[in-house]
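Down below is the structure, laid out as C-alpha cells.
The values are calculated or read from the model by the stated rules, or taken from the named source; none is laboratory data. Keep in mind that this is a model prediction, so the values were computed, not measured. No Cβ is skipped: glycine too gets one built from the backbone with ideal geometry, and neighbour counts run over all protein chains shown.
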Amino acid sequence: MQISATIICFNEAEKIGRCISSLLAVVDEVVVLDSGSSDATVAIAEGLGAKCSYHAFEGHIQQKNRAIALAKHDWILSLDADECLSPALQKSILRAKASRVADAYSMNRLNNFCGQWIKHGGWYPDKKIRLFKKQKGHWGGLNPHDKIVLEAGSVHQHLKGDLLHYTYDKEADFALQNVKFSKAAAQAMHAQAKSASIFTPYYKAAFRWLKGYLLQLGFLDGRAGWLIAAGNAQYTFDKYQMLLQLNRAKDVR
C-alpha cells in the first residue's frame, strides 16, 4: 500500500512546513497544488521534497480533485496546509498501511482556535474521511464545505489519533474567513436552486448559536466557545441573507 499525500494551498508559508513534515514518515509522495501563492509556500514545500504544481483556484472541491489526479499512487491522504498528523495518528496510518483491510479511513480532527484546543461546540471529534483509495472516493459536497464521497459498498474504518487543525491564529481571521465562506456557500446554494425567505437568516442563525453554544456544550470552552458560537451564527445569517439577495436578483431579471 503506497500513499500519495495531497495538499492544496495558497499563501501558507507559516503552516505548510509543519503539515508536510508530519507526513514524511507515513506517505510515499507529497503532492502540493498551489493556486498562486506570493509568499514562500512553494519553496518550503519543494524544500521538503513535495512535488508542486499550479492551478488557478476555482473551488475547494475542484482543486482537491485536481490534486488527486496528480497523485501517482492508488491511496490518497488528503490534508489542508493548516493541518498535520499527531504522533498517534501517524502510528495508526502505518498500521492501516500494513493491514489494508478497508477502502477508506476516517479520523478525528482536533481544532485549534487562537492557541486553544477546542473540545466542544461541534468542533470535536469533527470526524473526517481523509485516507482512501482514489478508485473508491472523491471530493464532493457543497463548496466551501467539501467532504469525501465514497462509492456504495465501500468498507470504511476509523483510526485512532487526531488530525491537528490550526484553524485561526487571530479572532479577526475567523471573521474574515466567515465572510469569504458565507459568500461561497450562498453562491453554491443558489447554483443548486435553493431558496430562502426573509425569515430564514434569523431562525437559521439562532438555531446555529443554540446548537453550538448550549446543546453541544460550547460554553465549556470559555471565551473561545462563545466567539465560535457567535461567529458561526453570523456566518449562517450572512449566508442565507446573501442567498436571499441572489434569489431576488434572479427574480428581477
Single condition A88 does not satisfy, out of (1) in a loop (DSSP other than H, G, I, E, B); (2) more than 23 Å from G140 (Cα to Cα)
(1)
Can you tell me which residue in segment 21-64 is surrounded by the most Cβ atoms within 10 Å (Cβ to Cβ), limited to those that are under 16 Å from the mean Cα position of the chain (by Cα) and of a type in the set (V, I, T)?
V32
Kindly check whether there is at least one residue in segment 89-108 that is surrounded by fewer than 20 Cβ atoms within 10 Å (Cβ to Cβ) and under 15 Å from the mean Cα position of the chain (by Cα).
yes
Need the failing condition index for V101 against (1) outside the structural domain of G222 (by TED's automatic domain parsing); (2) at pLDDT 95 or above, just the number.
(2)
Test S86 against the stated conditions and say whether it is among the small types (G, A, S), at pLDDT 95 or above, surrounded by fewer than 19 Cβ atoms within 10 Å (Cβ to Cβ) and within 19 Å of L159 (Cβ to Cβ).
yes
Reported set for segment 176-235 where residues are modelled with pLDDT under 95, in a helix (DSSP H, G or I) and over 19 Å from the mean Cα position of the chain (by Cα) is H190, A191
Any idea which of (1) within 24 Å of M107 (Cα to Cα); (2) touching a Phe, Trp or Tyr at 6+ places or on another chain (Cβ under 7 Å); (3) free of Cβ contacts under 8 Å to residues at least 60 places away in the same chain is the one L33 doesn't satisfy?
(2)
Within segment 115-128, can one find any residue that is among the hydrophobic types (A, V, I, L, M, F, W, C), buried (at least 17 other Cβ atoms within 10 Å of the Cβ) and not in a helix (DSSP H, G or I)?
yes
Looking at (1) part of a loop (DSSP other than H, G, I, E, B); (2) within 18 Å of A25 (Cβ to Cβ), find the lone condition where R95 falls short.
(1)
